[in-house]
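These notes are about the structure you will find just below.
The values are calculated or read from the model by the stated rules, or taken from the named source; none is laboratory data. Values in this document were obtained by computation on a predicted structure and should not be read as measured data. Note that we place each Cβ from the backbone using ideal geometry, even for glycine, and neighbour counts take in every protein chain shown.
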Amino acid sequence: MIGPIKNNEQYEEALANIYTLMQIDISADSKESDELEVLSILVKDFEHTHFPIPKPNPLEAIG
């Protein structure tokens, strides 16, 4: 069952599932294709919340 990613263990499991799905030939509009899409969205949201990338400081780029 796919659900929200709430901790690092679930995050790692989702990444492993994504990797597995990417190793097979998936046809469009298949169950696997939908699962890959949903897992990717959940992982992206988790990463955005827990591993934010700070915006660059333009003054540091000049240095």
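Quick one: in region 29-46, of everything that is in contact with a helix residue (DSSP H, G or I) (Cβ under 8 Å, 6 or more places away or on another chain) and among the charged types (D, E, K, R), which residue is surrounded by the fewest Cβ atoms within 10 Å (Cβ to Cβ)?
It comes out as Glu32.
Hey, Glu60 hits all of (1) of a type outside the set (A, V, I, L, M, F, W, C); (2) exposed (fewer than 10 other Cβ atoms within 10 Å of the Cβ); (3) part of a helix (DSSP H, G or I); (4) at pLDDT 95 or above but one; which does it fall short on?
Condition not satisfied by Glu60: (4).
Within region 33-54, does at least one residue satisfy the condition of being over 20 Å from Gly3 (Cβ atoms), modelled with pLDDT under 95 and either outside any loop (DSSP other than H, G, I, E, B) or basic (Lys, Arg) (or both)?
No: region 33-54 contains no residue that is over 20 Å from Gly3 (Cβ atoms), modelled with pLDDT under 95 and either outside any loop (DSSP other than H, G, I, E, B) or basic (Lys, Arg) (or both).
Please go through region 7-32 and give me each residue that is at pLDDT 95 or above, aliphatic (A, V, I, L, M) and in contact with a Leu (Cβ under 9 Å, 6 or more places away or on another chain), ordered by number.
Within region 7-32, Ala14, Leu15, Ile18, Leu21, Met22 qualify.
Those residues that are under 19 Å from Glu12 (Cα atoms) and of a type in the set (Ser, Thr, Tyr), I need them from region 26-63; list them, please.
Ser40, Thr49, listed by residue number.
Please work out if Ile5 is surrounded by 12 or more Cβ atoms within 10 Å (Cβ to Cβ), out of contact with any strand residue (DSSP E or B) (no Cβ under 7 Å at 6 or more places or on another chain) and not in a helix (DSSP H, G or I).
For Ile5, the condition - surrounded by 12 or more Cβ atoms within 10 Å (Cβ to Cβ), out of contact with any strand residue (DSSP E or B) (no Cβ under 7 Å at 6 or more places or on another chain) and not in a helix (DSSP H, G or I) - is met.
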